[in-house]
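First the structure, in the form of C-alpha coordinates, and then the observations on it.
The values are calculated or read from the model by the stated rules, or taken from the named source; none is laboratory data. Fair warning: this is a prediction, and the values are worked out from it, not measured in the lab. Every residue, glycine among them, receives a Cβ derived from its backbone with ideal geometry; neighbour counts consider all protein chains shown. Quick note on the areas: whole protein, heavy atoms, side chains included, nothing else; ligands and nucleic acids left out. Shrake-Rupley method; radii C 1.70, N 1.55, O 1.52, S 1.80 Å.
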Amino acid sequence: MRKSRTFGMPRIRVRALNSVLAALVTTAFGATDSAHAAPTAGVHYVALGDSYSAGGGSSSTYLNDCNQSVNSHPYLYAQLTAPDTFAFQACGAAKSADVLDKQLTPLNGTTTLVSMTIGGNDIGLGTVMATCLFGTDNACLDAIATAETTAHAELPGKLGTLYDAIRTRAPQARVVILGYPRFYNLDVPFCPGISATKRTALNNGADTLNSVIRDEVAQHSGFVYEDVADRFAGHQLCDSSPWLHALNWPIGQSFHPNAAGQAGAYLPALRASA
(Lines give C-alpha, C1' and ligand atoms only; values in the text may rest on other atoms or scores of the structure.)
Protein backbone atom coordinates (compact mmCIF):
# COMPACT_ATOMS: atom_id res chain seq x y z
CA MET A 1 0.00 0.00 0.00
CA ARG A 2 1.34 3.41 -0.93
CA LYS A 3 2.25 5.59 2.00
CA SER A 4 -0.04 8.46 2.88
CA ARG A 5 0.87 11.66 1.07
CA THR A 6 0.49 14.47 3.59
CA PHE A 7 1.71 17.83 2.37
CA GLY A 8 2.02 20.63 4.83
CA MET A 9 4.23 23.42 6.07
CA PRO A 10 4.74 25.21 9.39
CA ARG A 11 1.54 26.73 10.71
CA ILE A 12 3.01 30.25 10.80
CA ARG A 13 3.99 30.02 7.15
CA VAL A 14 0.58 28.63 6.18
CA ARG A 15 -1.24 31.46 7.91
CA ALA A 16 1.05 34.03 6.29
CA LEU A 17 0.21 32.58 2.88
CA ASN A 18 -3.54 32.59 3.55
CA SER A 19 -3.99 36.31 3.00
CA VAL A 20 -1.89 36.26 -0.17
CA LEU A 21 -3.75 33.29 -1.67
CA ALA A 22 -7.13 34.67 -0.68
CA ALA A 23 -6.30 37.96 -2.35
CA LEU A 24 -5.19 36.21 -5.53
CA VAL A 25 -8.31 34.06 -5.74
CA THR A 26 -10.53 37.03 -4.93
CA THR A 27 -8.91 39.14 -7.64
CA ALA A 28 -9.17 36.46 -10.30
CA PHE A 29 -12.52 34.89 -9.51
CA GLY A 30 -14.51 37.27 -7.33
CA ALA A 31 -14.93 37.94 -3.66
CA THR A 32 -14.61 34.96 -1.33
CA ASP A 33 -16.97 34.01 1.45
CA SER A 34 -15.17 35.16 4.58
CA ALA A 35 -16.55 32.23 6.58
CA HIS A 36 -14.65 29.88 4.29
CA ALA A 37 -11.59 32.03 3.60
CA ALA A 38 -10.67 32.32 7.29
CA PRO A 39 -8.46 29.63 8.85
CA THR A 40 -10.61 26.75 9.99
CA ALA A 41 -9.82 25.32 13.42
CA GLY A 42 -10.44 21.69 14.22
CA VAL A 43 -10.66 20.55 10.60
CA HIS A 44 -8.91 17.38 9.46
CA TYR A 45 -9.15 17.21 5.69
CA VAL A 46 -8.43 14.30 3.34
CA ALA A 47 -8.53 14.74 -0.45
CA LEU A 48 -9.20 11.53 -2.39
CA GLY A 49 -9.83 10.75 -6.02
CA ASP A 50 -8.52 10.84 -9.56
CA SER A 51 -6.66 13.36 -11.72
CA TYR A 52 -9.46 15.92 -11.48
CA SER A 53 -8.69 16.14 -7.76
CA ALA A 54 -4.93 15.61 -8.05
CA GLY A 55 -4.77 18.51 -10.48
CA GLY A 56 -3.55 16.83 -13.64
CA GLY A 57 -3.49 19.43 -16.40
CA SER A 58 -3.21 22.40 -14.05
CA SER A 59 0.59 22.66 -13.89
CA SER A 60 3.73 22.17 -15.92
CA THR A 61 5.41 20.47 -12.96
CA TYR A 62 3.94 18.22 -10.29
CA LEU A 63 4.63 17.23 -6.72
CA ASN A 64 4.98 13.53 -7.45
CA ASP A 65 4.17 10.68 -9.83
CA CYS A 66 0.44 11.02 -9.03
CA ASN A 67 0.46 14.39 -10.82
CA GLN A 68 -0.56 16.21 -7.69
CA SER A 69 -0.49 19.95 -8.24
CA VAL A 70 -0.34 23.04 -6.08
CA ASN A 71 -3.01 24.41 -8.45
CA SER A 72 -5.48 21.64 -7.63
CA HIS A 73 -8.65 22.57 -5.77
CA PRO A 74 -7.81 20.45 -2.68
CA TYR A 75 -4.40 22.10 -2.33
CA LEU A 76 -5.87 25.57 -2.87
CA TYR A 77 -8.62 24.88 -0.36
CA ALA A 78 -6.11 23.73 2.24
CA GLN A 79 -4.00 26.83 1.73
CA LEU A 80 -7.01 29.14 2.02
CA THR A 81 -8.54 27.53 5.09
CA ALA A 82 -5.49 26.12 6.93
CA PRO A 83 -7.06 22.93 8.31
CA ASP A 84 -5.31 21.33 11.26
CA THR A 85 -4.25 18.47 8.98
CA PHE A 86 -4.37 17.92 5.22
CA ALA A 87 -3.72 14.55 3.58
CA PHE A 88 -3.49 14.82 -0.21
CA GLN A 89 -4.18 11.31 -1.53
CA ALA A 90 -5.72 11.89 -4.97
CA CYS A 91 -3.83 10.29 -7.84
CA GLY A 92 -4.00 10.57 -11.61
CA ALA A 93 -5.64 7.62 -13.44
CA ALA A 94 -7.25 6.34 -10.24
CA LYS A 95 -10.36 4.20 -10.41
CA SER A 96 -12.70 3.59 -7.50
CA ALA A 97 -10.82 0.38 -6.60
CA ASP A 98 -7.54 2.33 -6.46
CA VAL A 99 -9.02 4.78 -3.99
CA LEU A 100 -10.34 1.87 -1.94
CA ASP A 101 -7.02 0.02 -1.93
CA LYS A 102 -4.45 2.83 -1.81
CA GLN A 103 -5.87 6.15 -0.61
CA LEU A 104 -7.91 5.59 2.55
CA THR A 105 -5.09 5.19 5.09
CA PRO A 106 -5.32 8.75 6.55
CA LEU A 107 -9.06 8.43 7.28
CA ASN A 108 -9.98 7.93 10.91
CA GLY A 109 -12.40 9.01 13.59
CA THR A 110 -10.97 12.53 13.72
CA THR A 111 -11.40 13.20 9.99
CA THR A 112 -13.95 15.99 9.53
CA LEU A 113 -13.84 16.64 5.77
CA VAL A 114 -13.27 14.44 2.72
CA SER A 115 -13.46 15.53 -0.91
CA MET A 116 -13.31 13.35 -4.00
CA THR A 117 -13.80 13.08 -7.74
CA ILE A 118 -14.04 9.49 -8.98
CA GLY A 119 -15.87 7.46 -11.59
CA GLY A 120 -14.56 8.77 -14.90
CA ASN A 121 -11.79 6.21 -15.20
CA ASP A 122 -14.14 3.41 -14.14
CA ILE A 123 -16.17 3.93 -17.31
CA GLY A 124 -13.18 4.53 -19.59
CA LEU A 125 -13.59 8.27 -20.03
CA GLY A 126 -10.10 8.70 -21.46
CA THR A 127 -10.67 6.05 -24.11
CA VAL A 128 -14.00 7.61 -25.03
CA MET A 129 -12.42 11.02 -25.48
CA ALA A 130 -9.64 9.60 -27.67
CA THR A 131 -12.16 7.71 -29.80
CA CYS A 132 -14.24 10.82 -30.28
CA LEU A 133 -11.23 12.95 -31.18
CA PHE A 134 -9.69 10.57 -33.68
CA GLY A 135 -12.57 8.34 -34.82
CA THR A 136 -15.72 8.75 -36.82
CA ASP A 137 -19.01 10.06 -35.47
CA ASN A 138 -20.35 6.51 -35.31
CA ALA A 139 -17.28 5.24 -33.44
CA CYS A 140 -17.66 8.10 -30.96
CA LEU A 141 -21.35 7.40 -30.41
CA ASP A 142 -20.65 3.69 -29.90
CA ALA A 143 -17.91 4.42 -27.35
CA ILE A 144 -20.17 6.77 -25.42
CA ALA A 145 -23.04 4.26 -25.44
CA THR A 146 -20.72 1.59 -24.02
CA ALA A 147 -19.49 3.95 -21.31
CA GLU A 148 -23.05 4.92 -20.38
CA THR A 149 -24.04 1.26 -20.12
CA THR A 150 -21.07 0.65 -17.83
CA ALA A 151 -22.00 3.71 -15.77
CA HIS A 152 -25.51 2.42 -15.15
CA ALA A 153 -24.64 -1.26 -14.69
CA GLU A 154 -21.36 -1.21 -12.77
CA LEU A 155 -20.58 2.19 -11.33
CA PRO A 156 -23.26 2.35 -8.59
CA GLY A 157 -21.97 -0.82 -6.96
CA LYS A 158 -18.34 0.31 -7.12
CA LEU A 159 -19.15 3.73 -5.74
CA GLY A 160 -21.36 2.27 -3.04
CA THR A 161 -18.58 0.00 -1.83
CA LEU A 162 -16.12 2.90 -1.77
CA TYR A 163 -18.51 5.28 -0.05
CA ASP A 164 -19.28 2.66 2.62
CA ALA A 165 -15.56 2.19 3.26
CA ILE A 166 -15.04 5.93 3.61
CA ARG A 167 -17.90 6.19 6.07
CA THR A 168 -16.62 3.23 8.11
CA ARG A 169 -13.15 4.72 8.40
CA ALA A 170 -14.29 8.33 8.90
CA PRO A 171 -17.68 8.16 10.65
CA GLN A 172 -17.75 11.87 11.55
CA ALA A 173 -16.61 13.30 8.22
CA ARG A 174 -18.57 15.42 5.81
CA VAL A 175 -17.88 13.89 2.40
CA VAL A 176 -18.07 16.17 -0.65
CA ILE A 177 -18.28 14.33 -3.97
CA LEU A 178 -17.64 16.63 -6.93
CA GLY A 179 -18.84 15.88 -10.45
CA TYR A 180 -17.26 16.29 -13.87
CA PRO A 181 -17.51 19.17 -16.36
CA ARG A 182 -19.77 19.35 -19.37
CA PHE A 183 -16.97 19.76 -21.90
CA TYR A 184 -18.40 21.77 -24.81
CA ASN A 185 -20.36 24.96 -25.30
CA LEU A 186 -22.92 23.79 -27.83
CA ASP A 187 -24.01 27.36 -28.59
CA VAL A 188 -20.74 27.86 -30.45
CA PRO A 189 -21.59 26.72 -33.99
CA PHE A 190 -18.12 25.58 -35.00
CA CYS A 191 -15.37 23.97 -32.96
CA PRO A 192 -12.20 22.97 -34.85
CA GLY A 193 -11.48 19.26 -35.01
CA ILE A 194 -14.73 17.87 -33.63
CA SER A 195 -18.26 17.68 -35.02
CA ALA A 196 -21.43 18.95 -33.39
CA THR A 197 -22.63 15.34 -33.18
CA LYS A 198 -19.63 14.33 -31.13
CA ARG A 199 -19.78 17.41 -28.91
CA THR A 200 -23.44 16.86 -28.10
CA ALA A 201 -22.91 13.18 -27.36
CA LEU A 202 -19.93 13.87 -25.10
CA ASN A 203 -21.90 16.43 -23.10
CA ASN A 204 -24.76 13.95 -22.76
CA GLY A 205 -22.31 11.29 -21.63
CA ALA A 206 -20.92 13.62 -18.96
CA ASP A 207 -24.46 14.30 -17.76
CA THR A 208 -25.08 10.55 -17.51
CA LEU A 209 -21.92 10.01 -15.48
CA ASN A 210 -22.79 12.86 -13.14
CA SER A 211 -26.35 11.62 -12.66
CA VAL A 212 -25.16 8.15 -11.67
CA ILE A 213 -22.71 9.63 -9.17
CA ARG A 214 -25.33 12.03 -7.78
CA ASP A 215 -27.88 9.24 -7.33
CA GLU A 216 -25.40 7.07 -5.42
CA VAL A 217 -24.34 9.97 -3.20
CA ALA A 218 -28.00 10.46 -2.26
CA GLN A 219 -28.01 6.96 -0.74
CA HIS A 220 -25.26 7.80 1.77
CA SER A 221 -25.82 9.90 4.86
CA GLY A 222 -23.31 12.68 5.38
CA PHE A 223 -22.32 12.68 1.70
CA VAL A 224 -23.12 15.65 -0.53
CA TYR A 225 -22.87 15.92 -4.30
CA GLU A 226 -21.61 19.19 -5.74
CA ASP A 227 -22.12 19.79 -9.46
CA VAL A 228 -19.44 21.66 -11.39
CA ALA A 229 -20.90 21.62 -14.91
CA ASP A 230 -22.61 25.02 -14.67
CA ARG A 231 -19.52 26.55 -13.09
CA PHE A 232 -17.65 25.99 -16.36
CA ALA A 233 -20.30 27.90 -18.36
CA GLY A 234 -18.60 30.43 -20.59
CA HIS A 235 -15.29 28.64 -20.17
CA GLN A 236 -15.91 25.33 -21.92
CA LEU A 237 -14.06 23.98 -24.92
CA CYS A 238 -14.82 26.15 -27.97
CA ASP A 239 -15.23 29.22 -25.74
CA SER A 240 -12.69 32.02 -26.08
CA SER A 241 -11.24 31.48 -22.59
CA PRO A 242 -11.59 27.77 -21.79
CA TRP A 243 -10.94 26.39 -18.33
CA LEU A 244 -10.35 22.94 -19.84
CA HIS A 245 -7.65 21.52 -22.07
CA ALA A 246 -8.64 20.21 -25.49
CA LEU A 247 -6.15 17.88 -27.15
CA ASN A 248 -2.97 18.59 -25.24
CA TRP A 249 0.48 17.23 -24.59
CA PRO A 250 1.09 15.25 -22.47
CA ILE A 251 -1.98 13.49 -23.82
CA GLY A 252 -3.20 12.63 -20.31
CA GLN A 253 -3.85 16.32 -19.65
CA SER A 254 -6.43 16.51 -22.43
CA PHE A 255 -9.97 17.25 -21.23
CA HIS A 256 -8.77 18.14 -17.75
CA PRO A 257 -9.25 21.48 -15.99
CA ASN A 258 -6.39 23.92 -16.30
CA ALA A 259 -5.32 26.07 -13.35
CA ALA A 260 -8.17 28.51 -14.00
CA GLY A 261 -10.69 25.65 -14.03
CA GLN A 262 -9.42 24.32 -10.73
CA ALA A 263 -9.53 27.75 -9.08
CA GLY A 264 -12.60 29.14 -10.83
CA ALA A 265 -14.91 26.10 -10.89
CA TYR A 266 -13.75 23.28 -8.62
CA LEU A 267 -12.52 25.37 -5.71
CA PRO A 268 -15.80 27.34 -5.36
CA ALA A 269 -17.73 24.07 -5.66
CA LEU A 270 -15.76 22.53 -2.81
CA ARG A 271 -16.10 25.65 -0.68
CA ALA A 272 -19.87 25.70 -1.27
CA SER A 273 -20.34 22.29 0.39
CA ALA A 274 -17.38 21.83 2.73
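How far, in nm, would the chain grow between Leu247 and Leu186 when pulled straight, counting 0.36 nm per residue and subtracting the alpha carbon separation? Numbers along the way, then the final one.
Values: separation 61, 0.36 × 61 = 21.96 nm, distance 1.78 nm.
Answer, rounded to one decimal: 20.2 nm.
Leaving ligands and nucleic acids out of the surface, order Thr149, Thr197, Thr208 by accessible area at 1.4 Å, largest first.
Working: Thr149 90, Thr197 65, Thr208 25 Å².
Sorted by accessible area, descending: Thr149, Thr197, Thr208.
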Cβ-placed point charges (K, R +1; D, E -1), dipole of segment 124-249 about Cα centre in debye, nearest 20: 340
Potential lengthening between Ala196 and Ala153 on full extension [0.36 nm per residue; Cα-Cα distance subtracted]: 12.7 nm
Extended-chain gain in nm, criterion 0.36 nm per residue less alpha-carbon gap, Ala145 and Asp101: 13.0 nm
